[in-house]
Amino acid sequence: MAFSPSDTRMQSKATYYFWVGVFIVFMLAVFSGTYYATLKVDYVWRWYRVPQYFFFKDHVEIRSEIQGEVNKIVRQNKETVVYISGSGDQAKYTVPAGSLRVAENDFINPGDVLGSYEKWKVGILLSGLWLTLKVSVVGIVIGIFIGLFAGLARLSANPAFKWTAITYVELIRGSPLLVQIFIWYFVIGTVVNTMLAGRGLGQLPPLWFGVAALAFFAGAYVAEIVRAGIQSIHRGQTEAARSLGMSYAQNMRHVVLPQALRRIFPPLAGQFISLIKDSSLLGIIAIRELTKATREVVTTSLQPFELWFMCALLYLVLTFALSMFLQYLERRTIT
């Protein structure tokens, strides 16, 4: 096995593998201790019930929407077509052949079951995971643009731009994200939806106010990361670029930002991972992301151990995948 430069402190392969063994024993001890502790609790593990919250087979009933009489039934290969005629209404329903529950001349009321079939559907945990991913990605993309412009404005000589950026960053960083979500949903959301309703337009759902809260929250921290990355570039490079006749925008585009980008990738990765975890707060405004979906399932199934472990594992999958992707981009940028 090839040793990295950081491993040179290990004097020999035997020492290296000794500490690898220590790590494995430590992890086994942690998992064994956790398992032993759960055995001391009066709790029955039911992992076999967890997959149904990812995918499940739903029993769908086909119901009549009108009142009338079944005047014709046409049997085809695997389906049966039921024709219902009422007082001025006619309807046609396609029912799987093996599940037909009516016969010709039967009188049907609205809501009566004509047949049924089974269909695979996405479970609540997978829906919550998808919504968490969607909210986080949109929040990150918008947050990057806000943070980039705010970071550049923070370094601007124009006092209007600079002070606006400083005010934005300090306001966002000076209050908890939970409070900002409440403000976006209960204050700004109420004002915006009232104005839209006054003009006869549809209202915005809570999802977009939650995304806005996450994006503006992330944007403030991204702005500081961008500012620090730009200021870490030696002033001599800016002076050299200006001496070659480059404008401020050309200097930023061709000299400063490409170098700063390499330095801001690691802290940006940490901020984006943090944003994915912060999205769990959106459940308080009725957005069914992963944490809220898990809480609902726990309430109905009474399986807190399995489901909260599964919830943590799904967040770990998301954050680890994002971390690996950003490390890949970082290596590509450096090379």
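The values are calculated or read from the model by the stated rules, or taken from the named source; none is laboratory data. Since the structure is predicted, the reported quantities are computational estimates derived from the model, not experimental observations. When we count neighbours, we look across all protein chains shown, and the Cβ atoms used for this are built from the backbone with ideal geometry, even at glycine. Note: accessible area is taken over every heavy atom of the protein model, side chains too, but ligands, DNA and RNA are not part of it. Shrake-Rupley method; radii C 1.70, N 1.55, O 1.52, S 1.80 Å.
Numbers for the structure displayed
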quantity	calculated
Selected residue (only one of Ser243, Ser247 is among the small types (Gly, Ala, Ser) and open to solvent by 90 Å² or more (accessible area, probe 1.4 Å))	Ser243
Only one of Ser280, Ser274 that is under 15 Å from the mean Cα position of the chain (by Cα), at pLDDT 85 or above, of a type in the set (Ser, Thr, Tyr) and within 22 Å of Phe145 (Cα to Cα)	Ser274
Criterion (of a type in the set (A, V, I, L, M, F, W, C) and either without any contact (Cβ under 8 Å) to a residue 12 or more places away in the chain or open to solvent by 80 Å² or more (accessible area, probe 1.4 Å) (or both)) met by exactly one of Val255, Val298	Val298
First in segment 134-155 and closer than 16 Å to Phe272 by Cβ and assigned to a helix (DSSP H, G or I), second anywhere and of a type in the set (Ser, Thr, Tyr) and at pLDDT 90 or above, Cβ under 9 Å, 6 or more apart	Val135/Ser279; Ser136/Ser279; Gly139/Ser279; Gly143/Tyr221; Ile146/Tyr168; Gly147/Tyr221
Residue list for segment 163-186, restricted to those being open to solvent by less than 80 Å² (accessible area, probe 1.4 Å) and polar (S, T, N, Q)	Thr167, Ser175, Gln180
Identity of the residue in segment 21-50, assigned to a loop (DSSP other than H, G, I, E, B) and within 29 Å of the chain's Cα centre (by Cα), that ends up surrounded by the most Cβ atoms within 10 Å (Cβ to Cβ)	Val50
Total residues in segment 197-220, condition closer than 17 Å to Gln180 by Cα and either acidic (Asp, Glu) or open to solvent by 70 Å² or more (accessible area, probe 1.4 Å) (or both)	2
Residue in segment 149-157 that is open to solvent by 50 Å² or more (accessible area, probe 1.4 Å), at pLDDT 90 or above and within 22 Å of Ala249 (Cα to Cα) present	yes
Among (1) of a type in the set (S, T, N, Q); (2) open to solvent by 70 Å² or more (accessible area, probe 1.4 Å); (3) free of Cβ contacts under 8 Å to residues at least 40 places away in the same chain - the single one Ser232 does not satisfy	(2)
Selected residue (only one of Leu307, Leu313, Leu326 is farther than 16 Å from Phe272 by Cβ, part of a helix (DSSP H, G or I), out of contact with any strand residue (DSSP E or B) (no Cβ under 7 Å at 6 or more places or on another chain) and open to solvent by less than 30 Å² (accessible area, probe 1.4 Å))	Leu307
Counted residues, segment 187-196 - those being touching a helix residue (DSSP H, G or I) at 6+ places or on another chain (Cβ under 6 Å) and open to solvent by 50 Å² or more (accessible area, probe 1.4 Å)	0
Failed criterion for Tyr53 (all others in (1) within 30 Å of Glu289 (Cβ to Cβ); (2) open to solvent by less than 40 Å² (accessible area, probe 1.4 Å); (3) touching a Lys or Arg at 6+ places or on another chain (Cβ under 8 Å) hold)	(3)
Positions within segment 53-85 being acidic (Asp, Glu) and free of Cβ contacts under 8 Å to residues at least 24 places away in the same chain, in sequence order	Glu79
